[in-house]
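The values are calculated or read from the model by the stated rules, or taken from the named source; none is laboratory data. Quantities reported herein were computed from a predicted structural model and do not represent experimental measurements. Here Cβ is always computed from backbone atoms with ideal geometry, including for glycine, and neighbour counts include all displayed protein chains. Ligands, DNA and RNA are stripped out before the accessible areas are found, and what is left, the full protein with its side chains, is counted by its heavy atoms. Shrake-Rupley method; radii C 1.70, N 1.55, O 1.52, S 1.80 Å.
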Amino acid sequence: KGVSGLVWMKNRDATDSHQLYDSSRGKHKDLQSDATNTESTTTDGLQKFLKGGQAIEDDVSINTSGESYVSWNWVGNLGTTSTNDASSTGVGTIDSTYQVNSTAGFSIVQYTGTGSNGTVKHGLSSAPEWMIIKNTSHTNSWITSHVGLTSQATRSLTMNNTNGEYTDAGTYFWNSTAPTSSVFSLATDTGVNGSSRNYVAYCWHAVDGFSKFGKYTGNGNADGPFIYLGFKPAVFIVKNRQTSSQWTILDNQRNKFNPVGQTIRLNATNVEYDGLSSTYGTGGDFLSNGFKVRGGNYTDGNASGEVYVYM
């Protein structure tokens, strides 16, 4: 196992916020996927990025006695970053610092906004298929790009709320341009490119046998659609792109056996719940070659005829 580069933690038993740390911004620096807050300094939070995990102290959101937690971790590049001077390299127009795990198709990108349309080098070898951007210095939402949206060039989702896809994202966020194998494009909204504001972007592209990003259409039945991945998933995230719904996440640590239904909302502080025993429709089976959606005609996971993006 490699050293964690992005650590995402949530209290399963209490309505505490999510905490996200990455080794580019450094220990103690956390963000909350359920809020618009700026970057916080949590001195009793994450202390060290470790091989296979992390060292923590006793912040209530991640280490209260007797309460249960979950941690999702992505391996980076041991905290080692590269810097792109756009004016020198000719790649992009906005300088960036990026940490890349090319094997896993994952990068952590930092940049300072200019307030003018521009492009940012992301460090990956393929275009990002899932990308979330957060203004770390000012209050703003989590702006999200995904290959399963109607258009990556003109649509977006916001991770800290339940809204469906925004149709004007080309004007405000992406300058009507989808990401390429070298850069992602930005318009001028403060959510992604405010002048002199600081940002972090988490970027992923699919890797055969390891990760996949796409969409599916719900059928409204307990016997839901099968999503071919080509591998057995460890984590499955889903969001209805059409209407108000939750960002939900399942994993193979809280769910040891099929069907998997223990669900957490990425956009909210809610405690963990069983998406299959309630009227949520969030759950299914982790299979050797993909994911089988279970649950009935419910908005969050399998409403008939509605389109969902998955990670």
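Every residue in region 115-124 that is in contact with a strand residue (DSSP E or B) (Cβ under 6 Å, 6 or more places away or on another chain) and part of a loop (DSSP other than H, G, I, E, B), please.
Going through region 115-124, the residues in contact with a strand residue (DSSP E or B) (Cβ under 6 Å, 6 or more places away or on another chain) turn out to be 118-124.
Within region 115-124, 122, 123, 124 meet the criteria.
Looking at residue 292 and the list (1) out of contact with any Phe, Trp or Tyr (no Cβ under 7 Å at 6 or more places or on another chain); (2) more than 27 Å from residue 15 (Cα to Cα); (3) of a type in the set (Lys, Arg), which single condition is not satisfied?
The one condition residue 292 does not meet is (1).
Can you pull out the residues in region 221-242 that are in a loop (DSSP other than H, G, I, E, B) and modelled with pLDDT of 95 or more? Show your work before the answer.
Kept after step one, since they are in a loop (DSSP other than H, G, I, E, B), are these residues of region 221-242: 221-222, 229-234, 241-242.
Once the filter is applied, which keeps residues that are in a loop (DSSP other than H, G, I, E, B) and modelled with pLDDT of 95 or more, region 221-242 yields 229, 230, 231, 232, 233, 234, 241, 242.
Give me the pairs: first residue in region 98-127 and over 21 Å from residue 173 (Cβ atoms) and in contact (Cβ under 8 Å) with a residue 24 or more places away in the chain, second residue of a type in the set (S, T, N, Q) and part of a strand (DSSP E or B), beta-carbon distance under 7 Å, and six or more apart or on different chains, which are they?
99/107; 100/107; 105/211
Restricting to region 132-187, give me the number of residues that are among the basic types (Lys, Arg) and either open to solvent by 10 Å² or more (accessible area, probe 1.4 Å) or within 24 Å of residue 90 (Cβ to Cβ) (or both). Spell out the reasoning first.
Of all residues in region 132-187, those among the basic types (Lys, Arg) come to 134, 155.
So of that shortlist, the ones also either open to solvent by 10 Å² or more (accessible area, probe 1.4 Å) or within 24 Å of residue 90 (Cβ to Cβ) (or both) come out as 155.
Qualifying residue count for the region: 1.
Residues in region 54-82 that are farther than 20 Å from residue 253 by Cα, surrounded by 12 or more Cβ atoms within 10 Å (Cβ to Cβ) and free of Cβ contacts under 8 Å to residues at least 24 places away in the same chain: how many?
1
Just the residues that are assigned to a strand (DSSP E or B), touching a residue at least 40 places away in the same chain (Cβ under 8 Å) and open to solvent by 50 Å² or more (accessible area, probe 1.4 Å), please, taken from region 32-53.
So the first thing to find is which residues in region 32-53 are assigned to a strand (DSSP E or B), and the list is 40-41, 46-51, 53.
Imposing the further condition that a residue be touching a residue at least 40 places away in the same chain (Cβ under 8 Å) reduces the set to 49-51, 53.
Correct list: 50, 51.
What about residue 258, is it open to solvent by less than 10 Å² (accessible area, probe 1.4 Å) and either modelled with pLDDT of 95 or more or touching a strand residue (DSSP E or B) at 6+ places or on another chain (Cβ under 8 Å) (or both)? Lay out the reasoning, then the answer.
Details: open to solvent by less than 10 Å² (accessible area, probe 1.4 Å): no; either modelled with pLDDT of 95 or more or touching a strand residue (DSSP E or B) at 6+ places or on another chain (Cβ under 8 Å) (or both): yes.
So residue 258 does not fit the description; no.
When the residues of region 78-99 are filtered to those that are β-branched (Val, Ile, Thr) and in a loop (DSSP other than H, G, I, E, B), which remaining residue is nearest to residue 201 (Cα to Cα)?
Taking region 78-99 as the starting set, the residues that turn out to be β-branched (Val, Ile, Thr) are 80-81, 83, 89, 91, 93-94, 97.
Pick out the ones that are also in a loop (DSSP other than H, G, I, E, B) and you get 80-81, 91, 93.
Details: 80: 16, 81: 14, 91: 17, 93: 16 Å.
Going through the qualifying residues, I end up with 81.
Taking the condition of being β-branched (Val, Ile, Thr), open to solvent by 50 Å² or more (accessible area, probe 1.4 Å) and either touching a Phe, Trp or Tyr at 6+ places or on another chain (Cβ under 8 Å) or modelled with pLDDT under 95 (or both), how many residues in region 188-212 meet it? Explain how you work it out, then say what you get.
From region 188-212, those β-branched (Val, Ile, Thr) are 188, 190, 192, 200, 207; that's our starting set.
Still in the list and also open to solvent by 50 Å² or more (accessible area, probe 1.4 Å): 188, 190.
With the extra rule that they be either touching a Phe, Trp or Tyr at 6+ places or on another chain (Cβ under 8 Å) or modelled with pLDDT under 95 (or both), the set shrinks to 188.
The total comes to 1.
Table: residues versus (1) surrounded by 16 or more Cβ atoms within 10 Å (Cβ to Cβ); (2) free of Cβ contacts under 8 Å to residues at least 40 places away in the same chain; (3) farther than 25 Å from residue 149 by Cβ; (4) aliphatic (A, V, I, L, M).
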| site | (1), (2), (3), (4) |
| --- | --- |
| 214 | yes, no, no, no |
| 248 | yes, no, no, no |
| 266 | yes, no, no, yes |
| 269 | yes, no, yes, no |
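Please go through region 281-307 and give me each residue that is among the hydrophobic types (A, V, I, L, M, F, W, C), in a strand (DSSP E or B) and out of contact with any Ser or Thr (no Cβ under 7 Å at 6 or more places or on another chain), ordered by number.
Here is the first cut: in region 281-307, the residues among the hydrophobic types (A, V, I, L, M, F, W, C) are 286-287, 291, 293, 303, 307.
Remaining after also requiring in a strand (DSSP E or B): 286-287, 291, 293, 307.
286, 287, 291, 293, listed by residue number.
For region 271-288, how many residues are aliphatic (A, V, I, L, M) and either touching a Gly at 6+ places or on another chain (Cβ under 6 Å) or crowded, with 22+ Cβ neighbours inside 10 Å (or both)? Explain how you work it out, then say what you get.
Taking region 271-288 and keeping what is aliphatic (A, V, I, L, M), we get 271, 276, 287.
Remaining after also requiring either touching a Gly at 6+ places or on another chain (Cβ under 6 Å) or crowded, with 22+ Cβ neighbours inside 10 Å (or both): 276.
Count: 1.
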